[in-house]
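The values are calculated or read from the model by the stated rules, or taken from the named source; none is laboratory data. Fair warning: this is a prediction, and the values are worked out from it, not measured in the lab. Cβ placement follows ideal geometry from the backbone for every residue including glycine, while neighbour counts extend to all protein chains displayed. Heavy atoms of the whole protein, side chains included, go into the accessibility calculation; ligands, DNA and RNA do not. Shrake-Rupley method; radii C 1.70, N 1.55, O 1.52, S 1.80 Å.
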Amino acid sequence: MNLCDFAPEYIRAIQPYQPGKPISELARDMGLDKHNIIKLASNENPLGTSPLALEAMMIALNDVALYPDGSGFELKAALSKRHGVDPKQIILGNGSNDVLDLAARVFLKPGATAVFSQHAFAVYPLVTQAIGAHGISVPARDYGHDLHAMLDAITPETRIIFIASPNNPTGTVSSEEDLLRFLERASRDVLVVLDEAYNEYLPNTHKTNSIAWLKQFPNLIITRTFSKVYGLAGMRVGFGLAHPDIANLMNRVREPFNVNSIGLAGALAALQDNEFVERSFALNRAGMLQMADGLRKLDIEYIPSYGNFITFRVAGDGSNATKVYESLLRQGVIVRPLGIYEMPQHLRVTIGLASENQQFLDSLENAIGELV
Ligand SMILES: *Cc1c(COP(=O)(O)O)cnc(C)c1O
């Protein structure tokens, strides 16, 4: 259709984001019973959702004829108290993905550049390209961000640098010292987006005091989400913490009702449910040990991970990883191929329940056996 030719070239060039395969789709495609399928492809919480959040969302259902509170007053008040920031420093998003997109829309334009790491979260290049700005992918070091090289990649046109810690899909973290040194040296004319979607999965020894840095660095925004440890991926709630001037600009650009009322209620309740967060954290720690141990026994190389997932390498060229991915699908186990992350030999698996982790490891052993 001719009209489509008028869409900007940078829009037509976008490669769509590839989500993890839904259980229902695999069941249809392979004729499998959906109850026998496990999805370990999207870093979702295997414990489901906080019971307090579920209850709050049931109650919120009664009011869905009304528009949500567009200011997110109550959730912002709770986040403000939790994190010791002013509500004016908070931007709520339809998932933290929305916050990343808002940052791009506020600070990028055609001719501007955004810097991110090779093997970093796929949304960074996506939101950059959707604006018609230029993305600079900086080669990774040991699968992690090379913060020195990222600093060196800044040009006068650079307006945003995306840093994920822990990063998805590699699970790598940047140390507190390295992040601080980076912030000290980065130009104040560049927005530093510190994506901490997996922050709650970090052991205390690796947690950074990043929110305190907001006082010192007016060009910093920290993004967090309710999709991961809080188990609300389907509700789409995330947030950013930044200087009030930056939050103000981003709040002008966002849709007036970008976070729905059930999501607001669920997030508010989930935030109070420490017991659920602690249980999710502990399950993930045990599951990570189980997975790492199982992979080692199968002689499979993996990247040590600080998230709720682990990325492993299938020896041989990328076609072996594809074969393993497909064999896992046939056995009812959905993981994530990483070709679009320039990691064609790797697959990413989310840490599930102990029984799911075992089912994955058993299926992986079969899949590897089929290769030879
Ligand atoms: C999952 C994830 C997010 C969060 O996405 P939501 O839009 O909040 O669901 C953000 N950044 C990274 C690196 C992620 O893996």
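So the values come out like this:
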item: Mean Cβ count within 10 Å, highest first, over the residues of peptides 291-297, 308-314, 217-223, 45-51; result: 308-314, 217-223, 45-51, 291-297
item: Cβ-defined net charge surrounding Ser50, 13 Å radius [Lys, Arg +1; Asp, Glu -1]; result: -3
item: Two-site label geometry, Asp299 and Thr205: point separation in nm, points 7 Å out along Cα→Cβ; result: 3.0
item: Carbon + sulfur, % of accessible area of the chain - ligands and nucleic acids excluded, 1.4 Å; result: 54
item: Sites His83 and Arg28, calculated FRET efficiency, Cβ-Cβ separation with R0 45 Å, nearest 0.05; result: 0.55
item: Å² per residue, accessible surface of the chain at 1.4 Å; result: 46
item: Whole-Hz couplings from phi, Karplus 6.51/-1.76/1.60, listed for the stretch 87-94; x for Gly and Pro; result: x, 5, 8, 9, 10, 8, x, 6
item: Amide hydrogen neighbours beyond the local backbone of Ala197, cut-off 5 Å, H modeled; result: Ser165
item: Per-peptide average of other Cβ atoms within 10 Å, ordering 236-247, 203-214 highest first; result: 236-247, 203-214
item: Per-pair calculated FRET efficiency, R0 = 25 Å: Arg105 and Asp69 via Cβ, rounded to 0.05; result: 0.65
item: Violating pairs (Cα-Cα greater than 26 angstrom) within the set Lys81/Lys109; Lys21/Lys297; Lys21/Lys88; Lys21/Lys81; Lys81/Lys228; result: Lys81/Lys109; Lys21/Lys297; Lys21/Lys88; Lys21/Lys81
item: Cut-off under 5 Å, modelled amide H: who pairs with Ser117 long-range; result: Val138
item: Chain lengthening between Phe6 and Ala130 when straightened (0.36 nm per residue, less Cα-Cα); result: 43.2 nm
